[in-house]
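The values are calculated or read from the model by the stated rules, or taken from the named source; none is laboratory data. Treat the numbers as computed from the prediction; the structure is a model and nothing was measured. Cβ atoms come from the backbone with ideal geometry, glycine included; neighbour counts cover every protein chain shown.
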Ligand code: NAI
């Protein structure tokens with residue numbers, strides 16, 4: 001199936017934030033665009049807003065005056081749906097209410113030609129349910145843009161039970177022609193992004209609830225070590241806790257209260273208090289004039305080393321060795337099980353066990369665990385924790401070695417899987433479930449999380465670089481520590497680990 005021809009009329013129903021953005025995308029891709037809203041003057045105002053928006057792009061030299069004129073000549077606000085008889089694609093971006101959306105689709109069925117594709121920008125409603133009862137449910141498809149639509153590359157193309165494969169392919173190809181990055185997904189709650197991203201928030205909230213650290217430190221770890229654009233606390237302050245909490249609750253309910261999606265009482269408290277984040281002046285952080293954002297906590301270093309011993313292979317953390325070499329530290333290699341010995345400290349990357357548990361089970365004295373980093377050759381921050389019987393000197397030695405190679409250490413309580421590792425493990429697990437259930441492919445899960453929420457790398461590709469076995473171990477240890485179903489590893493993760501495969505083999 002090919003993309004829609006540029007001369008095809010694209011109609012956008014709902015001229016709010018998303019509708020106006022989608023209209024701009026279709027317009028810039030060369031289509032004639034009709035915009036409709038049932039609120040008086042809303043479509044006309046959106047057209048004026050788009051003219052200003054495109055005018056600004058022309059002023060900045062991002063589009064020529066003639067293409068500006070051309071764009072504006074193809075954009076029309078319409079007064080009634082009856083004017084859409086010749087539309088080839090209708091995208092609705094109206095209020096998130098299934099009954100209202102269904103009524104609009106029912107009206108459109110009688111107006112548009114049978115070949116016209118009916119797409120919904122819904123972020124939470126079932127495409128299967130939306131299409132049910134229509135005369136031609138096979139032409140209904142999800143076309144889920146992200147906000148702001150002109151800037152965000154991802155489009156989730158959602159197929160309901162009745163959606164014709166050719167219709168989904170046509171929308172997918174059209175999204176490519178519109179310079180977007182589309183992915184295919186079956187209609188399941190949260191589709192890809194709003195489902196796979198849930199643990200990103202949930203694990204940070206849980207670490208805060210367990211008093212492992214404070215929001216500023218946890219955010220800094222997710223940014224600097226994890227490679228994410230923002231930490232969960234600053235990001236949910238930006239999204240708005242009312243919005244983010246509602247999405248979590250809707251996904252939790254839709255999966256029949258599966259504890260993997262359990263909402264956080266910490267976030268509910270903020271919602272109850274009206275602390276919605278930036279828009280209300282306070283969330284996890286304060287935003288009033290003169291408010292100072294707290295700094296992440298860092299442990300103090302004391303002393304330098306000219307030698308350390310590495311026993312075995314540090315796995316994904318092997319990148320630390322080159323940094324030691326550059327810092328003039330002699331690295332003595334021996335056989336062993338992935339330990340780094342410096343001064344009194346015995347260091348290792350977390351495997352999901354608590355430090356005290358691992359020290360006791362593996363018979364290790366002075367154990368200091370460090371967290372996962374997205375790139376150990378470059379990270380400037382790492383979370384560490386230590387066993388209850390680790391000496392103060394061992395802790396200081398570990399912090400000092402890290403400082404010597406340019407890494408600030410932030411302490412976490414002795415929580416299983418620390419911060420980045422357990423979050424990434426849970427993101428991988430959710431991505432694996434999406435693939436296991438045939439909702440989407442591994443490639444599309446990764447693309448969705450990179451293009452939709454700017455993850456530094458898709459979770460399944462990330463698992464491949466770390467080693468899926470490390471992720472499985474972490475989840476099994478989390479499940480054992482908490483005794484909760486929430487951390488149960490996906491069958492697909494077990495399967496590929498058992499077969500010695502990777503997600504992208
Ligand atoms: P909005 O509230 O800014 O705009 C909705 C517009 O639809 C309003 O102008 C309203 O007057 C109009 N409308 C309502 N009922 C109508 C009807 N029966 N016929 C014609 N027009 C009608 O909402 P927003 O944020 O643009 O969201 C629209 C849709 O996009 C929703 O389904 C939402 O879930 C989805 N979405 C929203 C995202 C966001 O970040 N805001 C991201 C992705 C999807």
Looking only at segment 61-70, decide whether some residue is in contact (Cβ under 8 Å) with a residue 24 or more places away in the chain, away from the ligand (no atom under 12 Å from the Cβ) and in a helix (DSSP H, G or I).
-> no
Would you pick out the residues in segment 98-140 that are more than 9 Å from the ligand (Cβ to nearest atom) and assigned to a loop (DSSP other than H, G, I, E, B)?
-> 112, 113, 114, 115, 116, 126, 132, 133, 134, 135, 136
Of everything in segment 10-29 that's away from the ligand (no atom under 13 Å from the Cβ) and not in a helix (DSSP H, G or I), which residue is nearest to residue 81 (Cα to Cα)?
-> 10
Any chance segment 164-171 includes a residue that's assigned to a loop (DSSP other than H, G, I, E, B) and either away from the ligand (no atom under 15 Å from the Cβ) or not assigned by TED's automatic domain parsing to the domain that holds residue 21 (or both)?
-> yes
Residue among 445, 439 that alone is buried (at least 16 other Cβ atoms within 10 Å of the Cβ), modelled with pLDDT of 95 or more, over 26 Å from residue 348 (Cα atoms) and over 14 Å from the mean Cα position of the chain (by Cα) = 439
Residues being closer than 19 Å to residue 147 by Cβ and touching a helix residue (DSSP H, G or I) at 6+ places or on another chain (Cβ under 7 Å) - total across segment 34-60 | 7
Residue under evaluation residue 300, criteria (1) over 30 Å from residue 265 (Cα atoms); (2) without any contact (Cβ under 8 Å) to a residue 60 or more places away in the chain, criterion not met | (2)
What residue, among those in segment 265-310 that are more than 22 Å from residue 220 (Cβ to Cβ) and part of a strand (DSSP E or B), is farthest from the chain's Cα centre (by Cα)?
-> 307
Considering only segment 240-255, state which residues are out of contact with any strand residue (DSSP E or B) (no Cβ under 9 Å at 6 or more places or on another chain) and not in a helix (DSSP H, G or I).
-> 255
Could you say whether any residue in segment 365-373 is exposed (fewer than 14 other Cβ atoms within 10 Å of the Cβ) and in a helix (DSSP H, G or I)?
-> no
May I ask you to say which residue of 283, 227 is touching a residue at least 12 places away in the same chain (Cβ under 8 Å) and on the phi > 0 side of the Ramachandran plot?
-> 227
Which ones in segment 262-301 are modelled with pLDDT under 95 and in contact with a helix residue (DSSP H, G or I) (Cβ under 8 Å, 6 or more places away or on another chain)?
-> 293
Any chance segment 58-67 includes a residue that's in contact with a strand residue (DSSP E or B) (Cβ under 7 Å, 6 or more places away or on another chain) and surrounded by fewer than 23 Cβ atoms within 10 Å (Cβ to Cβ)?
-> no
Kindly indicate which of 417, 406, 452, 431 is out of contact with any strand residue (DSSP E or B) (no Cβ under 8 Å at 6 or more places or on another chain) and either modelled with pLDDT under 95 or part of a helix (DSSP H, G or I) (or both).
-> 431
Restricted to segment 323-340 and to residues being under 21 Å from residue 364 (Cα atoms) and within 34 Å of the chain's Cα centre (by Cα), the residue surrounded by the fewest Cβ atoms within 10 Å (Cβ to Cβ) is 337
Look at residue 219 and say whether it is under 21 Å from residue 280 (Cα atoms) and either buried (at least 24 other Cβ atoms within 10 Å of the Cβ) or assigned by TED's automatic domain parsing to the domain that holds residue 407 (or both).
-> yes
All but one of (1) in the same structural domain as residue 372 (by TED's automatic domain parsing); (2) surrounded by fewer than 16 Cβ atoms within 10 Å (Cβ to Cβ) hold for residue 320, so report the exception by its number.
-> (2)
Looking at this structure, is residue 257 within 16 Å of the ligand (Cβ to nearest atom) and out of contact with any helix residue (DSSP H, G or I) (no Cβ under 6 Å at 6 or more places or on another chain)?
-> no
So, in segment 84-97, of the ones that are outside any strand (DSSP E or B) and either near the ligand (Cβ under 10 Å from one of its atoms) or outside the structural domain of residue 128 (by TED's automatic domain parsing) (or both), which residue ends up nearest to residue 8 (Cα to Cα)?
-> 93
